[in-house]
Amino acid sequence: MPEGDSSGESIHGKPSAIGNFFKRLGQVYQSWLDKSTPFSAVRWAVTLILTAIYMIRVYILQGWYIVTYALGIYHLNLFIAFLSPKVDPSLLDDPDEGPALPTKQNEEFRPFIRRLPEFKFWHSATKGIIIAMICTFFEAFNVPVFWPILVMYFIMLFCITMKRQIKHMIKYRYLPFTHGKRTYRGKEDTAKTFAS
């Protein structure tokens, strides 16, 4: 007798109700993600509101500092991946073979390609906040720590990491912020038209 596989089939080969429910739930979730893609300002505003709600909850409860510290480290890693190029120039054999700015007029401008795209950055950051919020409902995650030490350690880690990232950006001459393909205009027509 064949057993059910991971696609949600039951023992008898028919789709199970639970498998169909989770499949449909995944489709609805993906549909909402697809609809939210063009609205980056609204997406980030919702994420900032969720972050504020989380911080207020942690402040009122006076606990879950380890969860907050882990969330901060996770967001720092996401941010570094967001600022990093997809192809790391330091890993290339010849440093002159990496992506560079155009040096001739007929070369095409290639925008900065991130290791972590903006949408995935937002999606991962939002999921992290929601998971951290869920953790605040369980007392097992409320490990007693002296939170000022965690804050100081996070600030030091942030400064060291960003210093290293900025040095990398300066060394390999790239900016992680470009907005679309650049266009150049020709000479403007300076002839004046006279109305008769």
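The values are calculated or read from the model by the stated rules, or taken from the named source; none is laboratory data. What you are looking at is a predicted structure, and each value in this text was computed from that prediction instead of being measured. Note that each Cβ is placed from the backbone with ideal geometry, even for glycine, and that neighbours are counted across all protein chains shown. SASA here: full protein model, heavy atoms, side chains in, ligands and nucleic acids out. Shrake-Rupley method; radii C 1.70, N 1.55, O 1.52, S 1.80 Å.
Of the residues making up the stretch 52-69, those that are free of Cβ contacts under 8 Å to residues at least 12 places away in the same chain and either outside any helix (DSSP H, G or I) or not hydrophobic (A, V, I, L, M, F, W, C) (or both) are Y59, Q62.
In the stretch 155-177, the residue that is nearest to I73 (Cα to Cα) out of those that are open to solvent by less than 100 Å² (accessible area, probe 1.4 Å) and not in a helix (DSSP H, G or I) is P176. Taken over the stretch 140-154, residues that are assigned to a helix (DSSP H, G or I) and open to solvent by less than 100 Å² (accessible area, probe 1.4 Å) amount to 6.
Could you say whether any residue in the stretch 12-31 is open to solvent by 100 Å² or more (accessible area, probe 1.4 Å) and either polar (S, T, N, Q) or modelled with pLDDT of 95 or more (or both)? No - not one qualifying residue is present in the stretch 12-31. In the stretch 13-35, the residues that are over 30 Å from E118 (Cα atoms) form Cβ pairs under 9 Å with partners that are surrounded by 10 or more Cβ atoms within 10 Å (Cβ to Cβ) and among the basic types (K, R), at six or more places apart or across chains, as follows: P15/K23.
So if I check each of V42, V46, which one is part of a helix (DSSP H, G or I) and either in contact (Cβ under 8 Å) with a residue 12 or more places away in the chain or open to solvent by less than 40 Å² (accessible area, probe 1.4 Å) (or both)? Lay out the reasoning, then the answer.
Working: V42 fails: either in contact (Cβ under 8 Å) with a residue 12 or more places away in the chain or open to solvent by less than 40 Å² (accessible area, probe 1.4 Å) (or both).
V46 is the lone residue from the list that is part of a helix (DSSP H, G or I) and either in contact (Cβ under 8 Å) with a residue 12 or more places away in the chain or open to solvent by less than 40 Å² (accessible area, probe 1.4 Å) (or both).
I130 satisfies every condition listed in (1) modelled with pLDDT of 85 or more; (2) open to solvent by 100 Å² or more (accessible area, probe 1.4 Å) except (2).
Collect the residues in the stretch 1-11 that are open to solvent by 90 Å² or more (accessible area, probe 1.4 Å) and either at pLDDT 90 or above or among the hydroxyl-bearing types (S, T, Y) (or both), keeping them in residue-number order.
Pass one, the stretch 1-11, residues open to solvent by 90 Å² or more (accessible area, probe 1.4 Å): 1-3, 6, 11.
Of everything in the stretch 1-11, just one residue is open to solvent by 90 Å² or more (accessible area, probe 1.4 Å) and either at pLDDT 90 or above or among the hydroxyl-bearing types (S, T, Y) (or both), namely S6.
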